[in-house]
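*Asks:* Before I ask anything, let me first share the structure, which is written out below as structure tokens.
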Amino acid sequence: MSTLFISDLHLCADRPQGSRAFFGFLEREARGADALYILGDLFEYWVGDDDLDDAFNAAVVSALGRLVAGGVPVYLMHGNRDFVIGDAFARASGVTLLPDPTLLMLHGQAVLLMHGDTLCTLDVEYQAFRREARSQVWIGNLMRQPLAQRKAAVEALRRKSEQEKRVKPAEIMDVAPSEVDAVLRRYNYPRLIHGHTHRPARHVHLVDGHACERWVLADWYQGGSYLACDTGGCCAVSLNES
Ligand code: MN
């Protein structure tokens with residue numbers, strides 16, 4: 001049995017292709033897995049668990065719930081788009097929330113799971129925003145606003161971020177190699193799996209004489225793919241070839 005990893009689905013009601021691919025994946029490929037790990041940015045944005053009644057969100061929650069009820073544990077890590085997903089979401093869907101990073105033993109190998117944004121340390125501006133936005137004060141201020149106002153605020157943030165991304169040099173938005181090395185060293189040279197950069201690839205980092213594999217997960221804007229790992233290793237599978 002393999003363990004499956006996905007991230008960066010960026011699900012939202014106005015991108016039906018991506019949600020169809022995701023619902024299909026939960027009904028088919030994920031059914032045979034021993035576990036499913038979602039490493040952040042499941043949603044394009046999440047403004048609070050009081051939005052669970054929204055029809056689209058409810059559909060995602062019940063699809064996850066069916067997979068969990070079918071015996072496949074689902075683990076969910078926050079991304080930078082959906083880091084206020086909370087306990088009510090977890091209870092409603094049956095998923096288990098995972099801290100970022102999480103180190104685990106999987107098929108006899110130490111594996112470090114991250115969303116990936118903390119590796120992008122060259123983007124100093126983003127890291128400063130991230131620190132602020134993850135503070136209790138910032139989240140508290142957000143949650144005090146009515147739901148509709150929160151949605152409008154997040155929409156504005158999204159537009160700002162899209163504009164900034166257009167002018168930022170590409171290497172700034174990728175992981176910083178020195179940070180990857182530091183993290184691999186800190187966690188004793190595991191295999192690393194993360195998303196966020198939307199640059200799916202398998203890299204090998206040679207750190208202190210240890211060859212560490214780093215898998216970057218794909219986004220689901222067009223089609224989608226997942227990483228399947230078992231005792232033999234990992235491989236990326238795109239949905240139309242499985
Ligand atoms: Mn992300």
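*Asks:* Quick check: from the Cα gyration tensor, does region 127-173 come out rounded (a/c under 1.5), prolate or oblate?
*Replies:* oblate
*Asks:* Further, regarding this structure: Once the other residues with Cβ under 13 Å from the Cβ of Ala58 are scored (Lys, Arg +1; Asp, Glu -1), what is the net sum?
*Replies:* Every neighbour counted, the sum reads -4.
*Asks:* List the relative contact order of the chain as a percent without decimals, with contacts defined as Cα pairs under 8 Å and 6+ residues apart.
*Replies:* Result for the chain is 23 percent.
*Asks:* Moving to a separate point now. Can you work out the PRE-style zone for Glu162? Point 7 Å along Cα to Cβ, and I want the residues of region 25-67 with backbone N under 14 Å.
*Replies:* Answer for this model: 44-45.
*Asks:* To make sure I understand, if each residue's beta carbon is the centre and we count other beta carbons within 10 Å, what order do His10, His107, His210, His194 fall in, fewest to most?
*Replies:* Going from least to most buried by this count: His210, His107, His10, His194.
*Asks:* How long is the gain from Glu27 to Ala201 if the chain were fully straight, where each residue apart is worth 0.36 nm and the alpha carbon distance is subtracted?
*Replies:* Fully extending the segment from Glu27 to Ala201 adds 60.1 nm.
*Asks:* Let me ask another. Could you tell me which of rounded, prolate or oblate describes the chain, using a ≥ b ≥ c as the square roots of the eigenvalues of the alpha-carbon gyration tensor, with rounded for a/c under 1.5 and, failing that, prolate when a/b is larger than b/c and oblate otherwise?
*Replies:* It is oblate, given that a/c is not under 1.5 and a/b is not larger than b/c.
*Asks:* Can I ask one more? Order these by the 10 Å Cβ neighbour count, fewest first: Lys168, Lys160.
*Replies:* Lys160, Lys168
*Asks:* Next question, about the same structure. What percent antiparallel are the DSSP beta bridges of region 3-238, to the nearest 5?
*Replies:* Given both bridge residues lie in region 3-238, the antiparallel proportion sits at roughly 50 percent.
*Asks:* Once the piece of chain linking Glu132 and Ala35 is laid out straight, how much longer is it, given 0.36 nm per residue of separation minus the C-alpha distance between them?
*Replies:* Result for the pair: 31.6 nm of gain on full extension.
*Asks:* In the chain, which Cys residues have no partner Cys with a Cβ closer than 4.7 Å?
*Replies:* Taking the Cβ cut-off of 4.7 Å, the unpaired cysteines of the chain are Cys12, Cys120, Cys212, Cys235.
*Asks:* Further question on the same structure: For each of Trp220, Trp215, count neighbouring Cβ atoms within 10 Å of the residue's Cβ, then give the residues from fewest to most.
*Replies:* Lowest count first: Trp215, Trp220.
*Asks:* Continuing with this model, one more query. Under the rule of at least 5 residues apart or a separate chain, name every residue whose amide H is placed under 5 Å from the amide H of Leu11.
*Replies:* Those qualifying (amide H under 5 Å, at least 5 residues apart or on another chain) are Phe43, Glu44.
*Asks:* With only Lys, Arg, Asp and Glu charged, each at its Cβ (+1 for the first two, -1 for the last two), find how big the charge dipole of the chain is about the Cα centre; round to the nearest 20 debye.
*Replies:* Using Cβ point charges on Lys, Arg, Asp and Glu, the chain gives about 120 debye.
*Asks:* Enumerate the aspartates and glutamates that Lys160 could reach by cross-link, defined here as Cα to Cα under 16 Å, with residues fewer than 8 away along the same chain left out.
*Replies:* Correct list for Lys160: Glu44, Asp123, Glu125.
*Asks:* Add -39500 (n - 2.57) for each DSSP H run of 4 or more in the chain, then divide by its residues: what number comes out at 222 nm, to the nearest 500 deg cm²/dmol?
*Replies:* Computed ellipticity for the chain at 222 nm equals -11000 deg cm²/dmol.
*Asks:* Apply the Karplus parameterisation 6.51 cos²θ - 1.76 cosθ + 1.60, with θ equal to phi minus 60°, to every residue of region 73-81 and state each ³J(HN,Hα) to the nearest whole Hz, in sequence, with x for glycine and proline.
*Replies:* Karplus values, whole Hz, x for Gly and Pro: x, 10, 10, 10, 9, 5, x, 6, 8.
*Asks:* Label region 94-176 by shape, choosing from rounded, prolate and oblate, from the square roots a ≥ b ≥ c of the eigenvalues of the Cα gyration tensor; if a/c is under 1.5 it is rounded, and otherwise prolate applies when a/b is larger than b/c, oblate when it is not.
*Replies:* The shape class here is oblate.
Each value in this text was obtained by applying a stated rule to the coordinates, not by laboratory testing. Only a predicted model underlies this, so the values are computations on that prediction, with no experimental measurement involved. Ideal geometry is used to build each Cβ from the backbone, glycine not excepted, and the neighbour counts take in all protein chains shown.
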